[in-house]
Amino acid sequence: MIDWDRVRALREEVGTEDFEEVVELFLDEVDSEIETLDQNCANLGEKLHFLKGSAMSLGFRKFSSLCQEGETGFSAGSAGTIDVPALLSCYQASRDDFLENLVTQVSDQSSL
């Protein structure tokens, strides 16, 4: 579900001090988008693209993959087949796993 190697790489890229801020920003932005995610929203393709990229950058591998599938379906004119509840469920499970295991998976992160 979570690509912990990607999370550790991101932490190395931005530095330990900025990593916590990156995580908070990611969760805030994605939580905001998730709250408005709806199969009928006019900019569903854009939302899925944003969510895919954000999720990929923080190692939410499974969620990013589902967003990619949804974005591809949207582009192909199959917006009605996008399983928004599955996306929401996957994001919540990924978020929970990430927060629950962050400290143990990424060393030196006792403040998170």
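The numbers here are math on the coordinates, done by the rules we state, and not lab data. It should be emphasised that the depicted structure is a prediction, and the values quoted were computed from it without experimental measurement. As a convention, Cβ positions derive from the backbone with ideal geometry for all residues, glycine included, and neighbour counts pool all protein chains shown.
When +1 charges are put on Lys and Arg Cβ atoms and -1 charges on Asp and Glu Cβ atoms, the dipole computed for region 4-105 relative to its Cα centre reaches about 500 debye.
Roughly what % of Cα-Cα distances in the chain sit above 18 Å, to the whole percent? The answer is 47 percent, as a whole percent. In the chain, the longest principal axis of the Cα atoms and the axis of helix 16-35 are about 20 degrees apart. Principal-axis analysis of the Cα atoms of the chain puts helix 4-14 at an angle of about 70° to the longest axis. This ranking places 28, 18 by how few other beta-carbon atoms lie within 10 Å of each, fewest first, which gives 28, 18.
Based on DSSP H segments of at least four residues, each scored -39500 (n - 2.57), the chain has a per-residue ellipticity at 222 nm of -24500 deg cm²/dmol.
Treating the angle as unsigned and between 0 and 90°, give the value, to the nearest 10°, between the Cα long axis of helix 84-105 and the longest Cα principal axis of the chain. Orientation of helix 84-105: about 10 degrees from the principal axis. Based on C-alpha pairs under 8 angstrom that are at least 6 apart in sequence, the chain has a relative contact order of 32 percent. On the basis of the beta-carbon distance and an R0 of 30 Å, residue 12 and residue 46 show a calculated FRET efficiency of 0.50.
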